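A short worksheet on the structure shown next.
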Amino acid sequence: MIDGGTILVTGGAGFIGSHLVDHLLESRAKVVVVDDLSTGSLANLEFATRIAGDRLQVREGRVSDVLPTLDADDFAGCFHLAAAVGVRLVVDEPIRTIETNVHETSAVLEFARRGKVPTLVASTSEVYGKGTRTPFAEDDDVVYGPTTMTRWSYACSKAIDEYLALAHHRQGLAPTVVVRFFNTVGPRQSGEYGMVLPRFIAAAMAGRPLEVHGDGRQARCFCDVRDVVPALPRLLADRDCHGRVFNLGRDDSIEIGELATTVRDRLKSSSGIRNVSYAEVFESGFEDLQIRQPDLTRVRSAIGFEPEIDLDRTIDDIASSLAAEVGDR
């Protein structure tokens, strides 16, 4: 935990951000959330609002608009989670993706250097691009497809974020840590932007076919957000972690076709499973990796990270969360 002062969380009304806000408040921190609510929701902060008292402040707006109104010297740490996320959003709105990720991260780092605020910048396994080996290690080379394929714009924009963050640390402007998330899942996650697990669960609950993209043989590693979030303050608080990049997730994988079957069986659904081509869902020539698996050696060595929540519990809890949302409508 970062001692003293107030913690800034950009994107704090989003999926991962709201869970982090809960965790920080439970640790008795004071938190300022900045979120434009483009993909986040104030409903995600209901629990935080109940437990916070006067320790939570929510500022609605773009990061680059709100941060100039804040005093960097008031903050003991910053978690920059605001970003354009999800394959669906990336393909549909590449300009928004690139400008949001690069411009808003630059604004956060400009703010951080005003007060030398220790800052954790959220990145993604997408940065590895096509990958050069498996599992992915933080110092591996990266390979992207052509610029004519919008699919790679997200990876490139997040790679620039990493370069900016690490340069700030290297030049002594602000301590930074970069975290690459690998398929973080859990309650509050929406399938609206292409996130596969909540999309499968929502379909199974509604009795609709579960749509598997491609042949379903692509494998991913899913880690519950409640395992991921407690690691973030520990990484930022440890000075030995500053100026470094960390993979964060699970390293056991499951094929997407098998995931669809697991969700359907776990929820005792009568839904069918249907394969859909990438071209039909996204764009002609869309490329996907066969396997995306992290090497967790570095984060295990740094903070002893070991996820504990299994996939069955995550499925159950997402289903309960989605059912509660429907009940509230």
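The values are calculated or read from the model by the stated rules, or taken from the named source; none is laboratory data. The model shown is predicted, which means the values in this text are computed figures rather than measured ones. All Cβ positions, even for glycine, are placed from backbone atoms using ideal geometry, and neighbour counts span all protein chains on display.
Among the residues of region 225-259, write down those that are of a type in the set (D, E, K, R) and either part of a helix (DSSP H, G or I) or more than 19 Å from the chain's Cα centre (by Cα) (or both). Listed by number, the residues that qualify are 226, 227, 234, 238, 239, 240, 255, 258.
Only one of the numbered conditions (1) within 25 Å of residue 248 (Cβ to Cβ); (2) modelled with pLDDT of 95 or more; (3) not in a loop (DSSP other than H, G, I, E, B) is violated by residue 110, and that is (1). Inspection of region 76-94 identifies no residue that is farther than 23 Å from residue 199 by Cα, surrounded by fewer than 18 Cβ atoms within 10 Å (Cβ to Cβ) and either without any contact (Cβ under 8 Å) to a residue 40 or more places away in the chain or touching a strand residue (DSSP E or B) at 6+ places or on another chain (Cβ under 9 Å) (or both). Filtered by the rule that a residue be among the hydroxyl-bearing types (Ser, Thr, Tyr) and either under 20 Å from residue 175 (Cα atoms) or in a helix (DSSP H, G or I) (or both), region 120-133 gives 123, 124, 125, 128. Here residue 126 passes the criteria (1) acidic (Asp, Glu); (2) out of contact with any Phe, Trp or Tyr (no Cβ under 6 Å at 6 or more places or on another chain); (3) farther than 16 Å from residue 78 by Cα except the one numbered (2).
Considering region 271-295, the residues that are of a type in the set (A, V, I, L, M) and in contact with a strand residue (DSSP E or B) (Cβ under 6 Å, 6 or more places away or on another chain) include one that is modelled with the highest pLDDT, namely 273.
Suppose the filter is outside any strand (DSSP E or B), in contact (Cβ under 8 Å) with a residue 60 or more places away in the chain, surrounded by 17 or more Cβ atoms within 10 Å (Cβ to Cβ) and out of contact with any Leu (no Cβ under 6 Å at 6 or more places or on another chain); does residue 117 pass it?
Yes: the conditions hold for residue 117.
Listed by first and then second residue, the pairs linking a residue in region 1-16 that is over 22 Å from residue 187 (Cα atoms) and surrounded by fewer than 24 Cβ atoms within 10 Å (Cβ to Cβ) to a residue that is of a type in the set (Phe, Trp, Tyr) and modelled with pLDDT of 95 or more, with Cβ atoms under 6 Å apart and 6 or more places separating them unless they lie on different chains, are 5/75; 6/75. Figure legend. Inter-residue proximity from region 45-74: first residues over 18 Å from residue 17 (Cα atoms), second residues polar (S, T, N, Q) and outside any helix (DSSP H, G or I), beta-carbon distance below 9 Å, spacing 6+ or different chains. Indicated pairs: 74/6. Residue 268 satisfies every condition listed in (1) touching a strand residue (DSSP E or B) at 6+ places or on another chain (Cβ under 8 Å); (2) in a loop (DSSP other than H, G, I, E, B) except (1).
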